[in-house]
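For reference, the structure is listed below as structure tokens.
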Amino acid sequence: MTAGATTPPLDDVTGARQELTVVLPARLRRTPTWPEGPFPFELGIRRTDTRTRATYFAPASARALYGAPGRPCRWHQPLDVKHEGVRLLGVELLRAATARDPEHALAVLHFTVETPILPVLRTLAARDPATAGEPLPGLTGPFDPAVLLAGVADVQDPTAPFALARPYTIAFLSPTERHTPALREGPEGRLPATADHWLWQLASRSNPQDFPLAPETAADHVRDAVRISADWSALVLRQGAAFLGHRPDSGDGDFYGFGALHSRTIYLDALLLGALQRDHIDELTDELSEVFTSPRRLAGRVAGLERSIALFRSGYWRQHLTAHGPANELLLAFQNQHRLPARFNEILAEAADYSRLVQTQESQQISGALGVLTVLGLPLGTALGILQVLGDDSLPHLLVALALSVAATAGVLTTRYGRLVLSSLRGGKGGSARCGPAGSQFLCYGMRTNAGEPTPAGVPSSRAQRTTHGRDLDNPQEVPP
């Protein structure tokens, strides 16, 4: 792969087929009265409805994407709106409820593009400074989601939780004979480096002026490209994905009709599942960071966190969707772009640390309670036993014995052992694991990291706490795509 300056421009290229899918976060206002299920695209006798698509996925993944009988989670609305060379075919809503945001959803808009597709993608990515002031550049006028989803859902503010910086786009382009930069050198020939550069531009929604690739690292940007077959490739990035053909599209009846259908349906659903996983991991990270905001409720918060993790693992955490390879590879590429496996492993490790901390505190409290019983009971039992042996039934003597036992108990409690017992009964606040406020968060000191090293004071105990909503606070520079 060469630098962008040697690659023919894609800005003026119009492919034989150009499909565009836009995904953006929304909040359901009510259950839609639209037809249930995903948008049922048709190609010949093939109809991609819920029943057909569910056969591609494992049952748990199918339930997350399509719902269950009597519990739908996806609806669609066919449309036919044309504006400036772009045609809107329909809208979908996928309920993506989380524990903290039960109205969270993903809106999916399906377009066909009849003009050069890269300028459209750049507009959606707000690459053009002239449109930077718009809430959702490119989705205005008849394509405004607020109009399309009126009364059903509201599009979230781009700065709200779960919201992407810009809508996620999935582009499909099949070339003609003129588009030699994307074509293989014969049916079994090598793929030119320019093809991967075009694929990168489609997925990143940028041209070489927006994001010039350094020649030394250009190949690294497409190392995760999925070679679906000799005919086409896919690339998944943080803010977009793209499918690009590598042989001329012959028109109606060509394989690319089937490829475009898959990019809108099965492969879209694999990426939607990745988006659901990302949103839940974002929420788990937030929940993890709030464990120590109320130290007296530590046990309850840790129990709630463990329950959230268990629900997420059973309902959403899948790295293998189906026996069909490309969908799995696309999901893995999405997960890698958002570092979901590493983040989830950090969450599991840190939750295990907190669980051990709670168990230690509970053991200390139990030991403290037993110590208090010992300190209180031993002097009193000794005094009463002496009186019983002597056969003394005198009330004054009994009161004196009680007073002496209370004094002995008070004396014992002033010793180091007594103070340790009282501290353990209060929850181990004098122990080695202490939690204290640091700014607006509570941080633990004395806990050990996964590598076995003590966590320095003032530093979050794992990388998961330093990562929120897909941004790495250790590396604040955001990659534009």
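The values are calculated or read from the model by the stated rules, or taken from the named source; none is laboratory data. Keep in mind that this is a model prediction, so the values were computed, not measured. Glycine gets a Cβ as well: all are built from the backbone with ideal geometry, and neighbour counts include every protein chain shown. Note: areas computed on protein heavy atoms with side chains; ligands, DNA, RNA excluded. Shrake-Rupley method; radii C 1.70, N 1.55, O 1.52, S 1.80 Å.
With respect to ARG53, determine if the residue is buried (at least 16 other Cβ atoms within 10 Å of the Cβ), touching a Ser or Thr at 6+ places or on another chain (Cβ under 8 Å) and among the charged types (D, E, K, R). Judged against the criteria, ARG53 is a match. For THR115, the criteria (1) over 20 Å from GLN277 (Cα atoms); (2) loosely packed, with under 14 Cβ neighbours inside 10 Å; (3) in contact with a helix residue (DSSP H, G or I) (Cβ under 8 Å, 6 or more places away or on another chain) hold in every case but one, which is (3). Within the range 364-371, not a single residue is surrounded by 14 or more Cβ atoms within 10 Å (Cβ to Cβ) and at pLDDT 70 or above.
Here is a yes/no grid of residues against (1) of a type outside the set (A, V, I, L, M); (2) surrounded by 19 or more Cβ atoms within 10 Å (Cβ to Cβ); (3) closer than 30 Å to HIS76 by Cα; (4) at pLDDT below 95:
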| position | (1), (2), (3), (4) |
| --- | --- |
| HIS197 | yes, yes, no, yes |
| ARG205 | yes, yes, yes, yes |
| GLU216 | yes, no, no, yes |
| ALA230 | no, no, no, yes |
| SER250 | yes, no, no, yes |
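For the range 29-50, filtering for residues that are out of contact with any helix residue (DSSP H, G or I) (no Cβ under 9 Å at 6 or more places or on another chain) and surrounded by 11 or more Cβ atoms within 10 Å (Cβ to Cβ) leaves 7. In the range 8-25, is there at least one residue being open to solvent by 70 Å² or more (accessible area, probe 1.4 Å), modelled with pLDDT of 90 or more and touching an Asp or Glu at 6+ places or on another chain (Cβ under 9 Å)? The answer is no; no qualifying residue exists. Of the helices (runs of 4 or more DSSP H) lying entirely inside the range 186-303, those containing at least 3 residues that are touching a residue at least 60 places away in the same chain (Cβ under 8 Å) and under 26 Å from ARG63 (Cβ atoms) span 255-264, 266-289. One residue stands out among those in the range 28-64 that are polar (S, T, N, Q) and part of a loop (DSSP other than H, G, I, E, B): the one that is farthest from the chain's Cα centre (by Cα), which is THR33. Among residues that are out of contact with any strand residue (DSSP E or B) (no Cβ under 9 Å at 6 or more places or on another chain) and surrounded by fewer than 17 Cβ atoms within 10 Å (Cβ to Cβ), ASP286 is not included.
I want to confirm something. Restricting to the range 395-421 and keeping residues that are under 60 Å from the mean Cα position of the chain (by Cα) and of a type in the set (S, T, N, Q), which single residue is modelled with the lowest pLDDT? Within the range 395-421, the match that is modelled with the lowest pLDDT is THR409.
In the range 58-100, which residue that is among the basic types (Lys, Arg) and farther than 22 Å from THR123 by Cβ is most open to solvent (accessible area, probe 1.4 Å)? Applying the filter and picking the extreme gives ARG71.
Contact map, the range 347-366: first residue under 18 Å from ARG297 (Cβ atoms) and hydroxyl-bearing (Ser, Thr, Tyr), second residue open to solvent by less than 70 Å² (accessible area, probe 1.4 Å) and modelled with pLDDT of 70 or more, Cβ cut-off under 7 Å, separation 6 or more or different chains; pairs are TYR354/VAL291; TYR354/VAL302; SER355/VAL302. So, of the residues in the range 173-185 that are touching a helix residue (DSSP H, G or I) at 6+ places or on another chain (Cβ under 8 Å) and in a helix (DSSP H, G or I), which turns out to be most open to solvent (accessible area, probe 1.4 Å)? This residue is PRO181. For GLU290, state whether it is at pLDDT 85 or above, under 30 Å from VAL358 (Cα atoms) and not small (Gly, Ala, Ser). No.
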